[in-house]
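All remarks here apply to the structure that follows.
The values are calculated or read from the model by the stated rules, or taken from the named source; none is laboratory data. No experiment lies behind these values; they were computed from the predicted model shown. Neighbour counts are summed over all protein chains in view; Cβ atoms, including those assigned to glycine, are modelled from backbone coordinates with ideal geometry. SASA here: full protein model, heavy atoms, side chains in, ligands and nucleic acids out. Shrake-Rupley method; radii C 1.70, N 1.55, O 1.52, S 1.80 Å.
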Amino acid sequence: MGEKITLSVIKADVGGYVGHSSVHPKLLETAERSLAGNKLLIDYHVARVGDDINLIMTHKYGVDCPEIHHLAWNVFLNCTETARELKQYGAGQDLLSDAFSGNIKGMGPGVAEMEFEERKSEPVIIFAADKTEPGAWNFPLYKMFADPFNTIGLVIDPKMHEGFCFEVYDLVNNERVEFNLPEEMYDLLVFIGAPGRYCIKSVYSRTSNEIAAVSSTQRLNLMAGRYVGKDDPVCIVRCQSGLPAVGEALEPFANPHLVAGWMRGSHIGPLMPVGLNDASPTRFDGPPRVVAMGFQLAQGKLIGPKDLFADVAFDRARQTANEIANYLRSLGPFEPHRLPLEDMEYTTMPEVMSRLKHRFTRVGPKKAKVSGV
Ligand code: 13P
Ligand code: 13P
Ligand code: MG
Ligand code: MG
């Protein structure tokens, strides 16, 4: 058995430039400087999508390693300091606690980590999205690992034909459950079709039992008076040799699906796949963006990134996303562009209701009578 390596992607929004659209280059420099030469890491890469900073790190200490989480926490603290100097918008937004408590999960930042033995060739894709939530990966992960119309490997590659095991989190009840596909496909879809509550956490090959994908989905924690764990997400996907080809992992994004999280975290919009240079959502703070960074790992070194959505073949998807965005915008404050009341991050409803309560008059019996009750 060879030595295992861990790929950790830890992300946070610690200040936007300008508003919530991007990250100032000085914050990225601070992150680089804070990680440079660190003895715990084999390699690292600092990236961003929208106003979120992604720390992509390789090491030998496994998932949930307190030292690695603490390192990321300190990087974000340093970046917050830079953000405060430059008066960036929402400086320190995602750091919800004053003191590090051993595991960065539930403290604001998002975490996706996996440990594996590096294969003869180890292509991985790190997807990172802004203006959405972890459930946004449900649709593309399902397509990649379960839909033969997306992934022909499920049909013709003997190492994929047995299918994949999906681990799903129920974010409301804080429970997890596994589904074996293809035979439990319909059961899985009942749940993951509701991505605000049921999120795919990880995917395993049933042939090799190898980890294939992991998302930054985490259980919801009540911190600072609101639930956290539903923030702009990241996802790691390993590719080739019994796992989806790189092109099969990218293909679901050619058909932009609708996700929650646009403008004030309170609107639905299409998830637009973009190159790294276009990952600054500005129209109505969106539409939501996703980037795909391809790496070949070599003894834990991150060879890359290759900017996979920069391909002109995704121009059509961007055009479709813009058309969907235009249509949804025309609905203004009406659902389904605006999220249902219970899902909005912002609302004036309690205040408006208490002010207008006395003007509401009864138009019928208090509760509609249901026959037989
Ligand atoms: P592998 O089985 O080597 O991953 O090859 C599949 C492929 O990339 C063909 O497009
Ligand atoms: P972020 O979650 O990316 O900070 O966006 C907040 C927002 O409400 C933008 O309109
Ligand atoms: Mg922000
Ligand atoms: Mg963001």
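For the chain, the antiparallel share of DSSP beta bridges with both residues in that region comes to about 95%.
Filter LYS26/LYS230; LYS120/LYS306; LYS11/LYS87; LYS39/LYS159; LYS143/LYS306 down to the pairs with a C-alpha to C-alpha distance above 31 Å, please. Don't skip to the answer; put the middle values down first.
Numbers: LYS26/LYS230 27 Å; LYS120/LYS306 19 Å; LYS11/LYS87 20 Å; LYS39/LYS159 37 Å; LYS143/LYS306 22 Å.
From LYS26/LYS230; LYS120/LYS306; LYS11/LYS87; LYS39/LYS159; LYS143/LYS306, over 31 Å: LYS39/LYS159.
As a rough guide to protection, the peptides 99-107, 231-239 ranked by mean Cβ packing within 10 Å, highest first, stand as 231-239, 99-107. Each helix, a run of at least 4 DSSP H residues, gives -39500 (n - 2.57); summed and divided by the residues of the chain, these come to -6500 deg cm²/dmol at 222 nm.
Dipole of segment 267-347 computed with +1 at Lys/Arg Cβ and -1 at Asp/Glu Cβ about the Cα centre; of GLY275, LEU297, PRO340, farthest Cα towards the positive end is LEU297.
Segment 181-241 and segment 303-373 have Cα centres spaced 23 Å apart. Among GLU32, GLU335, GLU85, GLU122, the sequence by solvent-accessible area, most first, with a 1.4 Å probe is GLU85, GLU335, GLU32, GLU122.
Counting only heavy atoms of the protein chains and using a 1.4 Å probe, LEU71 has close to 20 Å² of accessible surface.
The residues neighbouring ALA279, those whose beta-carbon lies less than 14 Å from its own, together hold a net charge of -2 under the Lys/Arg +1, Asp/Glu -1 convention. Within the chain, the whole DSSP H helices whose Cα atoms reach 20 Å or more along their own axis and whose mean Kyte-Doolittle score is at least -1.0 are 66-85. With all protein chains in place and ligands, DNA and RNA left out, the 1.4 Å accessible area ranks LYS357, LYS120, LYS4 as LYS120, LYS357, LYS4, largest first. Across the protein chains, with a 1.4 Å probe defining accessible surface, the residues VAL49, VAL190 rank VAL190, VAL49 from largest area downward. Note on LYS60: accessible area approximately 110 square angstrom, rounded to 10, probe 1.4 Å, nucleic acids and ligands left out. Within the listed set ASN322, ASN78, ASN277, the Gaussian network model of the chain (springs between alpha-carbon atoms below 10 Å) gives the highest mean-square fluctuation for ASN277.
Rounded to the nearest 10 Å², what accessible area does GLU345 show when all protein chains are kept and the probe is 1.4 Å? Accessible surface of GLU345 is approximately 130 Å².
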